[in-house]
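Here is the structure we will look at.
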Amino acid sequence: MGKLIDGKKFADNLCNKIAEEVIKLKDKNITPGLAVVRVEGDPASAVYVNMKAKKTKEVGMHSVIKILDKNTSQDDLLKVVEELNNDKSINGILVQLPLPKQINADSVINTINPDKDVDGFHAINTGRLWTNIDSLVPCTPLGCKMLLLDELKDLTGKKAIIVGRSNIVGKPMASLLISENCTVTIAHSKTENLKDEVKKSDIVIAAVGVPEMIKGKWIKPGATVIDVGINRIERGGKQKLVGDVEFEEAKKVAGAITPVPGGVGPMTIACLLHNTLVATCKKNNKEIPKFF
Ligand code: NDP
């Protein structure tokens, strides 16, 4: 039976360490500030944004939430982003996705000052990541990397497969794993023989958005499985959260596996706070603490 990777415990520890660093910064009259912008219309986003604000305050940071009407125009949203770019009390800006259809998400993301882009989605940060220049790294892949390093210590030479090629998870994950000396395969909806590709892999990152699509019998015995997926399904008349991996079967074969919930999810918020701390330290010429 594979070991359960406790992302919640890891994330709680990371948040405690971040809170200690925030105290040290506050002693120097520096308070990290994170602003989250949400355009109304997506109920799940409201839950995520409130959770982010709660955690931000828990680690002692300054938290700002801007909620805009669902009919907000692109120009109005860009104005809010510009204001936050110019706000000295704000070190990190996140615009919650998805955005309504009248808004072009790429132009909003690329309007955020790259040094405040704590989601790490700005084209400049993407370019920095792929060219090994110090950058703000997208939170979910960063959290996955932390869990993998904690579990395996050294990823050198491992064969890794990432199922999913999105800009926010799959692609940055690939860059991070290449930097850790993995041999990386990126799979997507057009990949042929996905099962065989997964079977060859020592590390499986599932970021698909299809409930339990990756079957337990596809997993190589002893592999490390990181399930990014968050899918709400109904089972036995009850609402349930499941990942992209068939967890009950996969855990019988895997060396270690993240559960859903309690795996990657809590790491994403912890990494957002980590990135806000990093952005604050950089802005104030303070040493960036190393947590992993
Ligand atoms: P996207 O929808 O942007 O991307 C999904 C990817 O999966 C695409 O590349 C798509 O391929 C691929 N895909 C879809 N169907 C298949 C298939 N049958 N076989 C192989 N590949 C397939 O999703 P995200 O990257 O934004 O998110 C992925 C999952 O992770 C979702 O469940 C999401 O909720 C979750 N998530 C969780 C986070 C957390 O904090 N834990 C944070 C972010 C996301 P193609 O490109 O060809 O269409």
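Table for the structure above
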quantity	calculated
The lone exception for L277 - which of (1) of a type in the set (A, V, I, L, M); (2) out of contact with any strand residue (DSSP E or B) (no Cβ under 7 Å at 6 or more places or on another chain); (3) within 14 Å of the ligand (Cβ to nearest atom) it fails	(3)
When residues of segment 127-152 are limited to those that are of a type in the set (S, T, Y) and buried (at least 21 other Cβ atoms within 10 Å of the Cβ), the one nearest to the chain's Cα centre (by Cα)	T140
Number of positions in segment 130-145 that are of a type outside the set (D, E) and either assigned to a loop (DSSP other than H, G, I, E, B) or away from the ligand (no atom under 16 Å from the Cβ) (or both)	8
Residue selected from segment 253-266 under the condition under 12 Å from T224 (Cα atoms) and open to solvent by 30 Å² or more (accessible area, probe 1.4 Å), by the criterion farthest from the chain's Cα centre (by Cα)	V253
Residues within segment 103-122 that are open to solvent by 60 Å² or more (accessible area, probe 1.4 Å) and under 23 Å from D75 (Cβ atoms), tallied	3
Any chance A250 is touching a Phe, Trp or Tyr at 6+ places or on another chain (Cβ under 9 Å), open to solvent by less than 50 Å² (accessible area, probe 1.4 Å) and either more than 14 Å from the ligand (Cβ to nearest atom) or of a type in the set (F, W, Y) (or both)	yes
All strands (runs of 3 or more DSSP E) inside segment 153-218 with 1 or more residues being open to solvent by less than 10 Å² (accessible area, probe 1.4 Å) and in contact (Cβ under 8 Å) with a residue 40 or more places away in the chain	159-163, 203-206
Which numbered condition K290 misses (of (1) near the ligand (Cβ under 10 Å from one of its atoms); (2) basic (K, R); (3) assigned to a loop (DSSP other than H, G, I, E, B))	(1)
Residue match in segment 146-159 (condition: out of contact with any strand residue (DSSP E or B) (no Cβ under 6 Å at 6 or more places or on another chain), within 12 Å of the ligand (Cβ to nearest atom) and under 24 Å from A279 (Cβ atoms))	yes
Residue match in segment 62-74 (condition: touching a Leu at 6+ places or on another chain (Cβ under 6 Å), among the aliphatic types (A, V, I, L, M) and surrounded by 14 or more Cβ atoms within 10 Å (Cβ to Cβ))	no
Residues satisfying the stated conditions in segment 176-203, i.e. touching a strand residue (DSSP E or B) at 6+ places or on another chain (Cβ under 9 Å) and away from the ligand (no atom under 11 Å from the Cβ)	L177, I178, E180, C182, T183, V184, T185, K200, S201, D202, I203
Test for G33: is it among the small types (G, A, S) and surrounded by 18 or more Cβ atoms within 10 Å (Cβ to Cβ)	yes
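The values are calculated or read from the model by the stated rules, or taken from the named source; none is laboratory data. Here the structure is a predicted model, which is why all the values come from computation and not from measurement. In this analysis, Cβ positions are derived from the backbone assuming ideal geometry, glycine residues included, and neighbour counts consider all displayed protein chains. These accessible areas exclude ligands, DNA and RNA; they are computed on the full protein's heavy atoms, side chains included. Shrake-Rupley method; radii C 1.70, N 1.55, O 1.52, S 1.80 Å.
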